[in-house]
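Q: I have a structure I would like to understand better, so I am pasting it below and will then ask my questions one at a time.
The values are calculated or read from the model by the stated rules, or taken from the named source; none is laboratory data. All of these numbers come straight from a predicted model, not from anything done at the bench. Because the Cβ atoms are built from the backbone with ideal geometry, glycine has one as well, and the counts that use them run over all protein chains shown.
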Amino acid sequence: MQHENSFIQRVHTYSDHHGLLSQGQTVVVAVSGGVDSVVLLDVLTHLAPSLDLTLHVAHLNHRLRPNSGEDRDFVETLARDLRLTCHTQEADIASRARSNGESLEEAGREMRRSFLSGVASDVGAHRIALGHHLDDQAETVLMRLTRGAGLTGLAGIRPLTAGEWIRPLLAESRAAIDAYANARGLHHVDDVSNNDTRFLRNRIRHRVIPRLRTEFSDAIPAVIARTADLLRSDEDFLAQTAVDAFKTVTCVQTDRKIALDGPACFRYHIAIQRRLFRLAAGRLGVDLRELSAARVNDALDRFSRESSRVDLTPDLTACFDGRLFVFGRRVGPFDLPIKESGLTQYPQIGAELVVSCSQDRPRDLKTGDPFTAWFDPSRLGPLRLRSVQPGDRIEPYGLSGRVKISKLLIDRKVPRIVRDEVPVVVSGDEPLWVVGLRTSARALVPEEARRAVHLEFRGDWRNLANALQLPSSKAPSDG
């Protein structure tokens, strides 16, 4: 009994040290039926009274084995014996893996996370408890090492992630967990897939670690886990330094584009430069698992030598013009109506347009602001705000003939990475205003006009253009 109490106390102390559990929380416990998750559930039921925890059991049936239904039945019985609510769901992980081109491990991980997050949302849980332990930590570090990882990856599994995923057993070895289960007489089910060495983790578990134990020390898993703890402290310091640096070097940030001060970035150590790139990608919603360290290093090396453009992931492009790093995800084509007067908001592109009509001819139509324009209402039809389309042409004020808007963007040195952000005001199919860049001579306000329509654009594109310091070509709107 003393051994079991010592184990529970160690888990409690570890959880308290890392802020994993607090008084009165609701916790979803992921229970596969294996010994790790059964021990986790047992320990949490012992801690629940003193911490006033409300526990929910959650089990996802992967349908990868013929007897997977027995695992579900076992977990449901276990929860019922403990008088806990049990949430179960079936998932066709093999089908998802085939459809998405994922490994079974990747598909299973994503579907488990989705299921557990859904249960937590449904029951209003503060935490989701997972059964990862010290040997899992060692295996994870070795797996990442074989694939090539930086400090972030080699720091291993964290006790607390995303503010809700907790791993109370992370400091406990597999041997200690087995000993606790035996001492408590806990029943569990064995997952035979854990012996399938087609999976990298299982090859590490059954081939690499036993060899390391034999050749070096039986304490190898603990040594690797301790190293991960040390690296995690260093990573936390560098990560916070990078966050502070990111605030300093950010020139503009929208939902789809981020511009950083390039020379300022290069003044930081390369370790911070890499993290700045990863921060930019993360804030644009990129899955950081798709952003390899090699790709980031290649981009930084290229940018240090020349202005260039690099695809960091299938969804994220970065470019450097000698002054700014610009990171961008593409904006889909848009075509949106404009109200005849007042404010129109466009959350799709992070913008708004204000339309007003002057009953007397304004004294000065030359505002100098490229994001405002005046037009002759007699020459306007219904207005729309849309993205640039292939073949678009405009008849710029002050120039003869019509020019392709695509050429205008090149001449005005608008980086390719942000051209999808450029809005155009059109009347019918006729472009009247490439916002921030050029107005058309076709809707200028003549001298004899007594009325004029005023448009003012606000939002993401204006902020981007200002950060890019595009050369002004605001033409006067009066004839």
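Q: Does at least one position in region 83-102 carry a residue that is basic (Lys, Arg), under 20 Å from residue 193 (Cα atoms) and either in the same structural domain as residue 120 (by TED's automatic domain parsing) or in contact (Cβ under 8 Å) with a residue 40 or more places away in the chain (or both)?
A: To start, the set of residues in region 83-102 that are basic (Lys, Arg) comprises 83, 96, 98.
After this cut, where a residue has to be under 20 Å from residue 193 (Cα atoms) as well, the list is 96, 98.
In the following step, the residues that additionally are either in the same structural domain as residue 120 (by TED's automatic domain parsing) or in contact (Cβ under 8 Å) with a residue 40 or more places away in the chain (or both) were identified as 96, 98.
Yes, because at least one residue in region 83-102 is basic (Lys, Arg), under 20 Å from residue 193 (Cα atoms) and either in the same structural domain as residue 120 (by TED's automatic domain parsing) or in contact (Cβ under 8 Å) with a residue 40 or more places away in the chain (or both).
Q: Six or more apart or on different chains, Cβ atoms under 7 Å: show the pairs whose first residue is in region 305-331 and closer than 19 Å to residue 293 by Cβ and whose second is part of a strand (DSSP E or B) and among the basic types (Lys, Arg).
A: Here the result reads 317/309; 327/257, each pair linking region 305-331 to a residue that is part of a strand (DSSP E or B) and among the basic types (Lys, Arg).
Q: (1) closer than 23 Å to residue 461 by Cβ; (2) touching a Cys at 6+ places or on another chain (Cβ under 7 Å); (3) not in a strand (DSSP E or B): which one isn't true of residue 322, the others all being true?
A: That leaves (2) as the condition not met.
Q: Turning to a different aspect of this structure: Do any helices (runs of 4 or more DSSP H) entirely within region 216-298 hold 1 or more residues that are exposed (fewer than 15 other Cβ atoms within 10 Å of the Cβ) and among the hydroxyl-bearing types (Ser, Thr, Tyr), and if so, which?
A: 220-249
Q: On the given criteria, is residue 461 in contact with a Gly (Cβ under 8 Å, 6 or more places away or on another chain) and crowded, with 18+ Cβ neighbours inside 10 Å?
A: In short, yes.
Q: Moving on to the next point. Across region 119-176, which residue is modelled with the lowest pLDDT among those that are under 25 Å from the mean Cα position of the chain (by Cα) and of a type in the set (Ser, Thr, Tyr)?
A: Residue satisfying both the conditions and the ranking: 152.
Q: Test each condition in (1) in contact (Cβ under 8 Å) with a residue 40 or more places away in the chain; (2) out of contact with any helix residue (DSSP H, G or I) (no Cβ under 8 Å at 6 or more places or on another chain); (3) over 24 Å from residue 126 (Cβ atoms) for residue 33 and report the one that comes out false.
A: (2)
Q: If a residue must be surrounded by 16 or more Cβ atoms within 10 Å (Cβ to Cβ) and of a type in the set (Asp, Glu), how many such residues does region 12-53 contain?
A: Residues in region 12-53 being surrounded by 16 or more Cβ atoms within 10 Å (Cβ to Cβ) and of a type in the set (Asp, Glu): 2 in total.
Q: Additional query: Check residue 170 against each of (1) in contact with a Phe, Trp or Tyr (Cβ under 9 Å, 6 or more places away or on another chain); (2) surrounded by fewer than 17 Cβ atoms within 10 Å (Cβ to Cβ) and name the one condition it does not meet.
A: (2) is the only condition that residue 170 fails.
Q: Follow-up question, since we're still on this one. Working carefully through the options 391, 381, 401, find the one that is modelled with pLDDT under 85 and surrounded by fewer than 18 Cβ atoms within 10 Å (Cβ to Cβ).
A: Values: 391 fails: modelled with pLDDT under 85; 381 fails: modelled with pLDDT under 85.
One residue alone meets the criteria, 401.
Q: While we're here: Give 202, 182, 195 a once-over and let me know the one that is of a type outside the set (A, V, I, L, M) and either within 17 Å of residue 40 (Cα to Cα) or touching a residue at least 24 places away in the same chain (Cβ under 8 Å) (or both).
A: Details: 202 fails: either within 17 Å of residue 40 (Cα to Cα) or touching a residue at least 24 places away in the same chain (Cβ under 8 Å) (or both); 195 fails: either within 17 Å of residue 40 (Cα to Cα) or touching a residue at least 24 places away in the same chain (Cβ under 8 Å) (or both).
Matching residue, one of 202, 182, 195: 182.
Condition check ((1) closer than 20 Å to residue 345 by Cβ; (2) assigned to a loop (DSSP other than H, G, I, E, B); (3) in contact (Cβ under 8 Å) with a residue 40 or more places away in the chain) across all residues:
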site	(1), (2), (3)
419	no, no, no
439	no, no, yes
447	no, yes, no
450	no, yes, yes
453	yes, no, yes
456	yes, no, yes
463	yes, no, yes
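Q: Just to be sure before I move on: is residue 203 assigned by TED's automatic domain parsing to the domain that holds residue 38, surrounded by 12 or more Cβ atoms within 10 Å (Cβ to Cβ), charged (D, E, K, R) and assigned to a helix (DSSP H, G or I) in the structure I sent?
A: Details: assigned by TED's automatic domain parsing to the domain that holds residue 38: yes; surrounded by 12 or more Cβ atoms within 10 Å (Cβ to Cβ): yes; charged (D, E, K, R): yes; assigned to a helix (DSSP H, G or I): yes.
Here the answer is yes, as residue 203 does meet what is asked.
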